[in-house]
1. When you check residue B:309 against the structure, is it more than 10 Å from chain A (Cβ to nearest Cβ), out of contact with any Lys or Arg (no Cβ under 9 Å at 6 or more places or on another chain), farther than 19 Å from residue A:361 by Cβ and assigned to a helix (DSSP H, G or I), yes or no?
2. Go through segment B:179-207 and count every residue that is away from chain A (no Cβ under 14 Å), touching a helix residue (DSSP H, G or I) at 6+ places or on another chain (Cβ under 6 Å) and touching a residue at least 60 places away in the same chain (Cβ under 8 Å).
3. Within segment B:269-279, take every residue that is under 13 Å from residue A:370 (Cα atoms) and within 7 Å of chain A (Cβ to nearest Cβ) and give me the one that is nearest to the chain's Cα centre (by Cα).
4. Please identify the pairs in which a residue from segment B:369-382 that is at the interface with chain A (Cβ under 8 Å from one of its Cβ atoms) and part of a loop (DSSP other than H, G, I, E, B) has its Cβ atom under 6 Å from the Cβ atom of a residue that is buried (at least 21 other Cβ atoms within 10 Å of the Cβ) and small (Gly, Ala, Ser), counting only partners at least 6 apart or on another chain.
5. Quick one: count up the residues across segment A:200-214 that are within 9 Å of chain B (Cβ to nearest Cβ), aliphatic (A, V, I, L, M) and closer than 22 Å to residue A:170 by Cα.
6. Test each condition in (1) more than 16 Å from the ligand (Cβ to nearest atom); (2) within 14 Å of chain A (Cβ to nearest Cβ) for residue B:210 and report the one that comes out false.
7. Considering segment A:361-380 alone, what residues qualify as being more than 8 Å from chain B (Cβ to nearest Cβ), of a type outside the set (Gly, Ala, Ser) and in contact (Cβ under 8 Å) with a residue 60 or more places away in the chain?
8. What strands (runs of 3 or more DSSP E) completely inside segment B:173-256 contain at least 3 residues that are surrounded by fewer than 16 Cβ atoms within 10 Å (Cβ to Cβ)?
Amino acid sequence: MNFSLSEEQQMLKDSAARFIQQEYSFERRQEDVSNPEGFDPGLWKQLADLGWLAIPFMEENGGFGGDATDLMLLMEQLGAGLVPTPYLATILLFGKLVESGTDGDLRASLLNRLIAGEMQGAVAFMERQSRYALADTTVQAKRSSTGFELNGEKTLVLNGPVADKFIISARTGGGAQDKTGITLFLVDAGTEGLELNELRLMDGQLVANLTLSHVLVPAQHRVGQENRGFELLERVINESLPAVCAEALGLMHHLTETTIEYTRARKQFGVPIGSFQVLQHRMVDMFTACEETRSLLYRTVCSSDNLASPEHRKNLHALKVLTGLRGKRVGNEAIQLHGGMGLTDELDVGHYVKRLMVLNSLFGDADYHQQKLAEISLGM
Amino acid sequence: MDNTLSDEDLKFREEVRSFFARSEPDKAQQLMANPATYKEGAIQWQKQLFKQNWAAPFWPLEHGGAGWTITQAYLYESERVKADAPDVLPFGLKMVGPVIYTYGSEAQKARFLPGILNGDDWWCQGYSEPGAGSDLASLKTRAVREGDDYIVNGSKIWTTYAQHADWIFCLVRTDASGKPQNGISFLLIDMKSPGITVSPIHSINGLHSLNEVHFDNVRVPRENLIGEEGQGWTYAKSLLAHERTAIAKVADSKKRLDKLRALAASELQGGRPMIEDEAFRLRFTTIEIELMALEYMELRVLSALADNRSPGAESSLLKIKGTEIQQALHELAIELAGVYGGVTAGAGDTGHDFGNQARQDFMYGRAATIYGGSNEIQKNIIAKRVLGF
Ligand SMILES: Cc1cc2nc3c(=O)[nH]c(=O)nc-3n(C[C@H](O)[C@H](O)[C@H](O)COP(=O)(O)OP(=O)(O)OC[C@H]3O[C@@H](n4cnc5c(N)ncnc54)[C@H](O)[C@@H]3O)c2cc1C
């Protein structure tokens, strides 16, 4: 039993924390997020130069060969600084699908460009009717003479408007809810028949709705095995969950700290409002929420080397549930304890809360994962 | 103990229904949904109510009220939300109006009540200050007598819709010696007075309803003082109690619950409607149970009021539970919308029609436990006044 960090991990944590503290003010964040990309492309290059885009890829693919712990350390700091980046969309989803679903020259060239920060990716899996059910896929992929022809619609594709390439899930067999019969395809942004409608989420990031009409995909641009796309997609999303929750923890931690600071400074009735025991207890609850979330995050990271084990799957669901619930509690309390100030767009609090809310809704919210957990824990 | 409706009540309900059927509340709602036409829509709607003599049904008859029983008021609210009709703005009709008819002079009643009732005058509430929120009595905006005028200096904050307002009712300090509560006066100030500037505060739902109002040597005629100098705190407190009963919003929450039920029937997950989702069902019915209790809690308070027992700490109870339920409903709605609840720019193009509204309601709804005396302050009041600590 050892929860201390290796020397390398400590270095990663320190340099990420220093980067956020020294370079990343809230004012800068507000500027970055209002860019046409929803983030700062210059910063993305900087992350590449720091080697952080290489973390989750294997060494033989030019990566850093990092594990769940490394990702956790980085993502928590990005959360603490509320840094808008396409790390989740481009690296953890698109990049990891490329790494496990393609091979040879295609894989090498894509990963090289991703790691160098020269390419943006997006994974299109959600549909209007699917909500959080990953298997609910209706985009059709018909065989054509040279490969496949895709038709249908995808919604709210993270990083869609900026992506150079997409990985799109489509049905090559099976019925609407079947896990088998889904195949993943690599599609260039400019491909004929691929139409894109740009949207923004409340955390400032760009997403897109995609319309595919007669989009032709060469056979060699299939990602992973035919009809087996669901397993691959689910695995990659599950692998990203601890990172998503680590970012949420960074947000929660910041909200807790900033609330404590505010209530120390804000005076009413002649005393700092932080001197009221009712408010102290509420901040103790916020602190406890962070500690609980961190504990479950560590537990999940510890079981990450056996991804398929029921133990790890339970940990993942539990983590997403707890992060969702405690994140809401911390966010709501942070606003409440700031009083009217908490309602202003000018203060960072509301923006941290919005990011937390988006993270709660990604890949299934607390209710969704709690039912998944119940299926494992109590049976169907 | 019974809750049956008399024939008279049933007749009244028909009258209310036919009013909403012919007065096109959806038109007013549409105008009010757009910030550029919000004011126009709100005024139009109030004028229709005024014509019907229903702008301030809870006012005493002699001042233009309708003399409704609590049953009638309850029926009206139920029908209003069923018809999706707007609520009236509280600042004139529910806040300053009752203060003026209770504590104002005959001249003030004659001058201000008609404009409040018919919607010609838009009022805003100037209580809170940067340094005086929960501790309202510590307010510092000064009013100093000079001849027949007061000269006002200071700043108010969080002033809802000050950008639209013709008048602001303010708590000002006329005496800085002695107990803070004793040096406060209640002053009506024309927003067109030289020396007033209004600056916007943008809130987390992306909209502008809040403001800072600055007073720089603003001259206010002494005839705009309500009642006696130094008694403003007493007047304001009686008003806060009214504000808190209005804050429970039982009928609105019932309507929201109905809407959620309908939305959950058409929102799918894995091919099944969310209304069949176990987690959703538990959360929905938990809120429903609390709302069922709140509805009767409110009726009990209103019936005490009708017996001329003034709402005291009961209104704090209503405020706490009412706002907790509102927030639980907002949270369930935005979560029902899933990721669509987060779409801001281009929300109209998602093919998903309630996520955007759900997000705005959620974000702005966080304020419900803060304004009108925060829920923590309400609990302090109950602990002291009811539990006797
Ligand atoms: C959307 C919105 C609209 C508003 N509209 C108006 C308006 O039109 N006119 C107007 O005058 N005002 C308005 N207000 C102001 C509102 O009344 C104040 O925000 C409220 O009184 C709280 O004051 P504050 O914001 O200064 O918070 P603070 O008083 O600083 O409180 C911060 C936190 O400390 C807690 N706290 C403070 N004292 C205690 C205590 N003794 N015990 C336990 N907890 C405590 C509070 O509950 C809160 O959680 C509005 C506010 C909002 C958010």
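1. Against the criterion (more than 10 Å from chain A (Cβ to nearest Cβ), out of contact with any Lys or Arg (no Cβ under 9 Å at 6 or more places or on another chain), farther than 19 Å from residue A:361 by Cβ and assigned to a helix (DSSP H, G or I)), residue B:309 does not qualify.
2. Qualifying residue count for the region: 2.
3. B:279
4. Short answer, once both residue conditions are applied: B:370/A:339.
5. Total meeting the criteria: 1.
6. (1)
7. Hits for segment A:361-380 are A:363, A:376.
8. Strands (runs of 3 or more DSSP E) meeting the threshold: B:196-202, B:208-221.
The values are calculated or read from the model by the stated rules, or taken from the named source; none is laboratory data. Just so we're clear, the structure is a prediction, and the values are computed from it rather than from any experiment. For neighbour counting, all protein chains shown are included, and Cβ atoms are generated from backbone atoms with ideal geometry for every residue, glycine included.
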